[in-house]
Structures are given as C-alpha cells and as structure tokens.
Amino acid sequence: MLVDNGVVGDSRVQKTAQSAADAGWDVVLLGCSPTGVAEQWRLGGAEVRLLVMTGPATGTGGLRARLLARGGPLLRAARWARRPLEYAQVWFWRAVEGDRAWRRLEPGLWNYERAFGAVIDELAPDLIHAHDFRMLGVGARAALRARAAGRPVKLLWDAHEFLPGARPRRDNARWLPAHLAYEREYVPYADAVVTVSPMLAELLQREHRLAELPAVVLNAPAVTTPPRDSGVAPDLRRLCGLDDTTPLLVYSGSATVQRGLDTVVAALPRLEGVHLALVVGDASAPYVRELLATAARLGVADRVHTVPYVPHRQVPALLASADAGLIPLHHWPNHEIALITKFFEYSHARLPIVVSDVRTMAGTVRATGQGEVFRARDAADLARAVRAVLADPVRYRGVYEGPDSPLPAWTWEAQARVLDALYRRLLAGRTIKENTAR
C-alpha cells in the first residue's frame, strides 16, 4: 500500500492496512516521513515504513523568503503578478506535451518516485494498492517495471477525492492542471478502482471512461471490539469542563476555511448557553486562532473549547456525550459528492447531524431523518437547525435504533469485506505466497 502522507491521522489508510492484514494478507504500507527520518512500526498485522522524501531543493531564499515572511497585500500582489506567466506555462506545455505536461509543470511529483520506486521493486508485491492521486503514478510505474521483468502485478487505485473538484494545495495556476494530467496519464494502468461514495464512483467512471464502475468503500468507522492497546476514549464533556445538562455541539476534523467553522462561531450568539467543542489536530493553527479571536469579539469565547485528536477507533466514543455533530461545509465540488469520515463517526456516536446543504450528505440526512440541513454560510439558518435538534433529540437519535438502522452497513467491517473480495478477484487464478491471503 502506498500513501503520500505520514499515515498517522489518516484513518482510511490505517483501517485499510490493518483490516487487510487481519484478513490474512501480507501488508507493507509505505508512507512519507514528516520528520525527514525513516521510521518503521507495526499497525496490527501490517508493517508500516515511512520513507524519506528526497529531490531537488526548492529553497525559499532572497526575495521569495522575504515576501513569504511578510505576507499580507505585498505577497498577494506578487502572487497575482505571476499569474499570467503561470497560465502561459500551462498553455504551452499542455499544447506541447499533452498529459505528459505535468513533468514540466509539477516536477516535484518525481520526488515520490525517487523515494518509493526502489523500495516497491525490492518488495516485489503481488498487488499494489495506491491511495489517492499522487500514488497512482508511483504504483503504475512500479507495476510496469514488474511486468516488463516478467512478474505480473495488479494495481488498485483508491481515489479519495474527485481531483477536478479539488481545491489546489498550492497557490499557483500550475498545480491543478499538472495533477489532472498526471492522473489522466496513469489511470489506464489501474486494474481496478475503488472510491469513497457512489456519486464519486459515477464521476470517476465518466471522467476517465472506465469500463467498470468503481467499487465503493465508505469511510466508515470500525465498530468491533478495539485492540487492547487502543485505550479508552476520554469524555468530551469532562475535557470541556461541562456538566451533563449543558447543550454541547461538536465538530471533529480538519479546521480550514472551507469547512465553515466561522459560520458556527457566528451562530453561537443566537444559541444562548450552547457550547462548541472543536476536536482538531492543532489548536494553535492560524485558522483555529482566528476562530477563537472571533468568538472573543462576539462575547462567546467561554463557550468554545478546543480538544485534541484521539486514535480513530476512539472517535465515536469521544463524541457520544455531545448533543449534535456539525458538518458546516462550504459549497465546493468535492464537498457536494462526499460522505466524509465524520459523517459516519457522528452516526456511530448516535448524534443528530446538522449539515450544510451540500448535495450528498444533505440528501442522506433528509432521507434518514437523522438531523437537519441548513444553508451553507448562513449562521441564522444554522442556529435554526441546531435549535430543532436540541428541542427533540429523541426523534433524531431514534433513526439509529431498530431494524431499519443504517448503522450496520456503515461500518468499516462491512467495507473491509468489499476490499477483500476485490483483492481476491484481482488475484484470481494466481499462486500467492503462503503468508498472504489465507
């Protein structure tokens, strides 16, 4: 398995590796070391190796370093001034190279090949499970090398998001066209594709003209008895210093502008006595500090609490003492099609869900009756939705009980069976090493 991050904090990747190992596969998960030092450990029965990324130094000396340090209007002006050149670069290299243009527009993608390529070749896998778009090319090239040497290898691409609808991760005009070209070049080499929602599966099939609709593996939580080393989840209310009667909303996950947390803070003055817990990775991050400053200006700072992440198996238990889970996403193409991890974590915590009117999750909440939908970026409408779920929590929580509960299908255990069947189909007829699939 290949992933372009440090594994820790990526619950989908961790669950995929661990459940595959539990099913009897010999799993080596390769990721990127965030510290610049190679690391190795075990994740259940899976071996994790974090590799050191190498490549040409990018440097931030001179004028560029001073602009980045200063920020503000000067930096914004410099970024806008370079846009015409960037657009010209995109146009020229796409005209000359087609989908190979990423080599000129985003040459840093080669750094993943430098770090991963030789390690994959040495491992000589039967199957490569490439997580997300950056690892698709790395996996495809490794499969091509193996096949050229007479060793058949299957490549599974796990598409975590719809790249054409993604927000560029760098502030330049080259990033998205380059990565789109990279993805298009290597998709044809995938023997199968798996993704995170039915709508995304349909989009991927149309975008890449796939012969087969991608399999869907939801970002659902594991609900079986956790391993002994996973620990006991802390109590969210105790962490916030609250008693059992204080109304408590929770948001768990990445804190970025497009996640809409500013709308939640703006709604708090309309929700007398209601507290907000932000379960975030870094309470000192600039956006979180901005939220806390806004809360102070609005006079609700004493009702906003930051709480650190816990291991992914503990998340539903951590959240369970809240009164409602929040998903205040802005409208963005990938937000419209997603069924994100926190949606399922809130569901397994038996929380009513208050979600913005992004298409897929809003449609699911309306269909199940497990929460309320509000207009994205509308603090007054968010407050209305919160008041509705606080007024009748039994109605919303009742969806999770009884024979019609959606929860049995929304578990990682159910999703892992889909993946295991896909692995076996890809390797059908192959003689697999004894220490792989049982």
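Output the 0 to 90 degree angle, nearest 10, between the alpha-carbon long axis of helix 379-391 and the longest principal axis computed from the alpha carbons of the chain.
70 degrees
Chymotrypsin sites (Phe, Trp or Tyr not before Pro), restricted to the range 350-424: which are DSSP loop and have at most 16 other Cβ atoms within 10 Å?
none
Taking the chain as the reference, fit the longest principal axis to its C-alpha atoms, fit the long axis of helix 286-297 to the helix C-alpha atoms, and give the angle between the two in degrees, 0 to 90, nearest 10.
Around 10 degrees separate the two axes.
Report the calculated FRET efficiency for D22 and T368 (r = Cβ-Cβ distance, R0 = 25 Å), to the nearest 0.05.
My answer for the efficiency is 0.25.
Can you give me the accessible area per residue for the chain, using a 1.4 Å probe, in Å²?
46 Å²
How large is Rg/Rh for the chain, to two decimals, with Cα atoms and a Kirkwood Rh?
That ratio equals 0.97.
For R147 and R417, calculate 0.36 nm times their separation in residues minus their Cα-Cα distance, and state this gained length in nm to one decimal.
So the extension gain works out to 94.4 nm.
I'd like to know which of G137, L155, A124 lies farthest towards the positive end of the charge dipole of the range 93-196, counting +1 on Cβ of Lys and Arg and -1 on Cβ of Asp and Glu.
G137
Show the residues, 5+ positions off or on another chain, whose built amide H is closer than 5 Å to the amide H of L43.
Close amide H contacts, sequence-distant or interchain: V48.
Given a Förster distance of 35 Å, report the FRET efficiency between R377 and D244 from their Cβ-Cβ distance, rounded to the nearest 0.05.
That pair, R377 with D244, gives E of 0.65.
Determine the share of the chain's accessible area contributed by carbon and sulfur atoms, expressed in whole percent, with a 1.4 angstrom probe.
About 54 percent, which is the carbon plus sulfur part of the accessible surface.
Pairs of Cα atoms under 8 Å, at least six residues apart: use those to get the relative contact order of the chain, whole percent.
Reported relative contact order: 14 percent.
Kindly report, to the nearest 10 Å², the accessible surface of D132 as traced by a 1.4 Å probe over protein heavy atoms only.
About 20 Å², ignoring ligands and nucleic acids.
Nearest 10 degrees, 0 to 90: what angle lies between the long axis of helix 132-148 and the longest principal axis of the chain (Cα atoms)?
For helix 132-148, the angle is close to 20 degrees.
State the antiparallel share, in %, of DSSP beta bridges confined to the chain, rounding to the nearest 5.
10 percent
What is the distance, in nm, between label points placed 7 Å from the Cα along the Cα-to-Cβ direction at S254 and at E113?
2.6 nm
Over all directions, how big on average is the projection of the convex hull of the alpha-carbon atoms in the range 203-348, in square nanometres?
10.7 nm²
Just the Cα atoms of the range 350-438, one point each, no solvent: what log10 I(q)/I(0) does Debye give at q = 0.11, 0.13, 0.21, 0.23 Å⁻¹?
Debye output, listed in q order: -0.50, -0.59, -0.99, -1.11.
May I ask for the distance between the Cα centers of the range 268-339 and the range 160-195, given as a whole number of Å?
The distance from the Cα centre of the range 268-339 to that of the range 160-195 comes to 29 Å.
Report the longest stretch of the chain that contains none of the GluC sites (Glu not before Pro) sitting in a DSSP loop with at most 13 other Cβ atoms within 10 Å.
With GluC sites (Glu not before Pro) excluded where exposed in loops, the chain gives 1-211 as its longest stretch.
Suppose every Lys and Arg Cβ carries +1 and every Asp and Glu Cβ carries -1, with no other charges. What dipole size does the chain come out with about its Cα centre, to the nearest 20 debye?
1240 debye
Using θ = phi - 60° and the Karplus form 6.51 cos²θ - 1.76 cosθ + 1.60, what ³J(HN,Hα) does each residue of the range 25-36 get, whole Hz, x for Gly and Pro?
Each residue of the range 25-36 in turn: 7, 8, 10, 10, 9, 9, x, 10, 5, x, 9, x Hz.
The values are calculated or read from the model by the stated rules, or taken from the named source; none is laboratory data. Just so we're clear, the structure is a prediction, and the values are computed from it rather than from any experiment. No Cβ is skipped: glycine too gets one built from the backbone with ideal geometry, and neighbour counts run over all protein chains shown. To get the accessible areas, we keep the full protein, side chains included, count just its heavy atoms, and leave off ligands, DNA and RNA. Shrake-Rupley method; radii C 1.70, N 1.55, O 1.52, S 1.80 Å.
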